[in-house]
Structure formats: structure tokens, C-alpha cells
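Report on one structure; see the data block that follows.
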Amino acid sequence: MNFKSLLVVTATFSTLFVMNGQTKSSFVVPNENLITENIAPIPKDLSNDVKKYSEFRSATLADINPVTNEIIINTRFGSTSQLHRVLNGMGARTQITFFDEPISATSYEPTKGEYLVYAKDIGGNEFSQLFKLDLKTQQSTLLTDGGRSQNGGINWRKDGKGFYYSSTKRNGGDRDVYFMDPNNPKAEKLILQVKGGGWGIQDISADNKQLVLGEYVSINESYLWLLDIATGKLTEITDRKVKGVSQSDATFSNVPNEIWFVTDKDNEFERLATMNLKKKKTTYHTTAIPWNVENYDLSEDQKSIVFTSNEAGLNKMYLMNTATKSYTDVKGLPVGLVSNPRFTKDNKSIFFNQSTAQTASDIYQLEISSGMVARWTESELGEMQPSEMSVPKFIEWKSFDDLAVSGFYYPASPKFKGKRPVIILIHGGPEGQSMASFLGGNNFYTSEMGVSLIYPNVRGSSGFGKTYLAKDNGFLREDSVKDIGALLEWIAKQPELDKDKIMIMGGSYGGYMTLATAFHYADKIKCSVDIVGISNFNTFLKNTEEYRRDLRRAEYGDERDPKMAAFFDKMAPLNNTDKIKKPMFIIQGTNDPRVPVTEAMQMRDKLKAQGNTVWYLEAKDEGHGFKKKANIDYQRLAVIRFMQEYLVK
């Protein structure tokens, strides 16, 4: 090698280690599970600044001990969310699982509470396997096949001698019903074969002889069935010929031949109802609440029901007397979100999750006799202070067809003057809903970057009635994109917002909306961030997991229909990349079973081939969104770096 060549090599070597006067050690290095392309160097100083906003925790109720009323919660102290035991209010959190993968559904054995059954997948692939956790020895035992099957929906016999659950193990697509004694898992029995991936167990009768099953077709259509366990006879509860009605969450009543359930039949919103199974007569009990009834739980003595309503993105909790059907709302709860209310087995209290715009999710206990609410967990917010957090405002605008569309607006900190940049964050689903929730790490955008956030609920979102819910189905798909176009016009009229500095960001279906907005409204945005988004519905439906395919066709349309396939091709962001002019950041999990990694890769490759600015981040140990803290932290830093370059610079 001559001297001139040596100089070139030395200069190249130096540029790898010195950027803007800083050494390589001054920058954040992605971990070994992350694939990165074209992401600008991230200074460690930025990581230090963001740390204040990334160390918060939350806690959710997993289950209640049937004997002692101690609880199992799900919270994160390491990389992933794990199970912890809490013996009393504000008591110590004792961790009882220690896995690299997060734990999902958890259920106590219902008589003595000596062990748990929980679900866990690998790398976000959503092929959840069931495990038994002995609470004395802390040993976990695999109960299911450990392969590419989905297992869940546990429903215990009343005597604790085993449980019924659903699994796709037979063929990967149909969700059959099985029975298992977790002390003898090899003797499990196939109870019922079904057709479709939307079946699930909803309740078991007091005599352990019958199951109520739910058949989910789409967010607008679901049915209830009664299974005689001994004979295998399956009988319709609701009429399978009546389309476009949601009927779900069934529970056996203490009245013979009666069930409780939730339905939107003959109504815009979902109501709590009872049905006489012999006469097929339905009686509605919450018609006076003009919003969806969501979570509910029936007490062990079946004298009371607790339920929540979703009122334009905020929750209320109610208690009902099952004999008189009268109900009152629970007083004294902060304005915010309430979920998963559960009675203790002694019928004396209710545990539930609660959060506000300024507090992460924690667990509380309502003492029924006194009405007193006691806090059981207090999750750390890191260094964030409630006074620094943005509080959401409900906003509304008119779309192209005069439809009223709403969302939540989180203003930038008032310490920033002048017109503020905006991020529009679009939820997934498409039947999801943005609620007045805790921003968590996104408080960095409002508090430290002076960026305002808007979370829209475009048509097709849940919570606003079944007519609104169906307004984006099939060939109406792009009408929801026009709702974002109308929001862009609304932003332009707000004196405190900068219409020339708008970023679109969304995940899953929200990722599709991000990609679609990027080409439909290329001249009105500055950049976009697509997270696990659909780039072409034809390829998405071809490659998504089999157990989901028909469920998604019911919402999006059937790609086997030539007219629908042609429509999908016409509207596909992948086929309209020539109209995308602004920088894009694509984020994806390698193991995503819902929106396969190929959706991200084909979009990335086509944009790169055209010479577009495109950043790319892929996690080899994640699925449909990142769940491991190291990956979440890097994603947040990379998005902030992207914003620095293309939104606020």
C-alpha cells in the first residue's frame, strides 16, 4: 500500500469514529437485535435528556387470589413486563416470573390459588403457549405444544379440576375448544372443532355442563352459541342469519336459562342485556347510557355487576343490582380511564385499573359497602412531574362529507412561543380508539421539543356508535384518509399551530393511514413515521397468519374478489410511491404475525429505488410493535432524531 492509499484509508477510518467533532463512543449504538438503515447518529447526550421520560412504569391487574384476595399484577422492572405478587394495599411488589419475553394472560387456579396458568410467546410472534407456575416452588411447566399455535381464553371448571381453552393447534387457522387438567396436560381432550379463527370461550355454567361460546366475525358482527359439553351439541343462542349485530361477553346468570351479555342490537351503542335462552327474549338494561358498555364482571354470588362505559374517550364505572337492574356510577374516581374491574370471590370489593393523563395505569380497590377507594400500586413516573405533562383537549372538525370527526389534542408546553409543529398519531385497528390517556414517553415531544400532538378518531373508530364504526369498510376505506385531510385543514386554521410543520405517525392500520396520507397529502406534511403498517392490502391479506385472514377480510374486503383486488391495488401506498415526496421512517418487528415484515420491506425498497429519503428500523426479537425496553428506548430516540432532522429543524 502506497502512502497516498494509506492516507485515504486513514481518513475513512477517522470518519467512522469522528462525527461532528465527537468520537463514536459519544453516540448510541443499537443492540444486536436491531437492524438499522440510514438512521442519523444519535448523540448519547440526547439519550440522557430523554431518560427522564423513559423510566416510567405502569401496573395492570392480572388476577385475584380466590382465598386471600392478594393480587397478581403485570409490571416491568427489567426489560419486559412480568408477574408480581402484591399482598396488600401499597405493599411490596414481589416478582415471580423472570423471562426475556413478556407475560400476557394470567389466571389463578380458582379454589385454592396454589398455582397460576399464564401465556407467553417468543419474540412477539403471538403464538402464545400456556404454562403452569407453581407458586411454592416458582417452577414453570409448559402445558401446550410449544409450536406455531395460539393458545388462550382459559375458562376454569368451578371445582378447579381443569379448564377449557381455545387453540389453533389442529390446522393453524381454526380456533378449536379443548379441555385440560394442568396437573395432567398430556390427557387433554378436543371438545369441539370449529371453522374460523374468531371463536372463543366466554363462560361455563355453574354445574360445569355447558359453555357459552362466542363467534367473532368482525367488529360489527358476532354471535353466541351454547355447547353441551357431554354430547358436543352446539346450539345457536343468537340468530346467525341476522347480520351486522355485535353480541359478546356472555355470562351465565343465577336465573335458570338466562345469560348476561353485551350487544348493539337495535341500538347505536352496546348495551348490557339479559336473554332468556328458552324464549330467546332479550331485555336491555343500560339504554339510558348513550355510549358503549365495555368491561363488566358478575360477582360470585351473582347479586351485583360492575361495568364501565366509554364516553367519548373517557371511562365511568357503574355498580348494578342484578335483581332490580338499577345501577349508579361509582363516585370519587379521577377523570380518566378505568379497565378490567373484577370482584373478589368474597363479593366484598372490586379491583380495577385506573389511569389519567398525568398518571400511568395502577391498581385500585373499591370497598363496596363503604364506597371507599384504596390504591394498591403506585408506579414510578421516573423524573417526570405531573405539572409538566400535557393535558388533552377534546377537539372536533368536519370532514369532506360534513361528518363530525373528533380526537384529543395535547398542546405543546406553554414555555414554547410561536406556532408549534404538530404530530398526528393515528391508532390501529382500524376499530381502535384514541382515548384521553397518559402520554408516557411522548411527553418529551410536548415538554422538550415544543411539538403539539393530535390523536384523531377517524371514521371506523370504535366508541362512537356502530354506524360510525362501519363507515370505512370495504370500498369506503379511503374516506378515513380524507378525515385526516380535513384535520390538516383544521390545523391550518389554528393560530398556535404551524401548518407547514406536520408529521404523520401511526402503527398497524394507523401505519397504513400514515402511508396513505404521505401520498394523498404530500404537499401538506413534512415527514412521516410508519410503524408496522400495511403497504398493500392484497399482499397483507396473502401473508398475514391464517387464523386472522378471514377476520381481516370481513373488515377490509376480500382480495379474492377481482373488483376488490383492483381497488386494493389502486389505493395501495406501495403503488403510489411516486407521489411520496417527504422523508419517511419505517419501523417493523421481524416476527410480526399480523402485518408481516414483507409489508415494510417492500415499501422501504421501492422508496429507496426512487431515491426517497427513508430511514428503516427492524427488531429481530419483536412482533407487532416493540415490547422490550431496550428496543422501545432506541425506537423513541431514533424517532426524535428523525423529527430533529425533518420536522423541527
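Here is how the numbers come out for the structure above:
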quantity	calculated
Under-5 Å amide H pairs with Asn347, H placed in peptide plane, nonlocal only	Glu300
The chain: relative contact order as a whole-number percent, Cα under 8 Å and 6+ apart	11
Percent of C-alpha pairs per 20 Å bin, the chain, short to long	17, 52, 27, 3, 0
Highest average packing first - 219-225, 360-366, 583-589, Cβ atoms within 10 Å	583-589, 360-366, 219-225
Efficiency of FRET from Cβ geometry, Glu396 and Glu32, R₀ 51 Å, rounded to 0.05	0.65
Protection proxy ranking of 42-55, 507-520 - average other beta-carbon atoms within 10 Å, highest first	507-520, 42-55
Dipole in debye (nearest 20) - the chain, about Cα centre, beta carbon charges: Lys, Arg +1; Asp, Glu -1	580
Amide H within-cut-off set for Cys527, under 5 Å, with H built and near neighbours excluded	Ile502, Ile504
Angstrom value of the Kirkwood radius, inverse mean 1/r, which spans all Cα pairs in the range 286-334	11.3
Segment Ser370-Asp49, length gained on full extension (0.36 nm per residue, minus Cα span)	111.0 nm
Local electrostatic count, Trp291, Cβ distance below 14 Å [Lys/Arg +1, Asp/Glu -1]	-3
Taking the range 316-467 and dividing mean pair separation by its residue count, relative contact order in percent (alpha carbons under 8 Å, at least six apart)	18
Whole-Hz couplings from phi, Karplus 6.51/-1.76/1.60, listed for the range 229-236; x for Gly and Pro	5, 5, 9, x, 6, 10, 10, 5
Charge dipole (the chain, unit charges on Cβ, about Cα centre) - positive-most of Ala374, Leu403, Trp291	Leu403
FRET efficiency, Gln95 to Lys243 (Cβ-Cβ, R0 60 Å, nearest 0.05)	0.80
Length added when fully stretched, Asn340-Lys161, from 0.36 nm per residue minus Cα-Cα	61.9 nm
Ordering of 325-332, 385-392 by burial proxy (mean other Cβ atoms within 10 Å per residue, highest first)	385-392, 325-332
From phi via Karplus (6.51, -1.76, 1.60), per-residue ³J(HN,Hα) for the range 93-109 in Hz, x at Gly/Pro	9, 9, 6, 10, 10, 9, 10, 6, 9, x, 8, 10, 4, 9, 8, 6, 4
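We did not get these values from a lab; they are worked out from the coordinates using the rules stated. Model, not experiment: these values are computed from the prediction. Backbone-built Cβ (ideal geometry, glycine too); neighbour counts: all protein chains shown.
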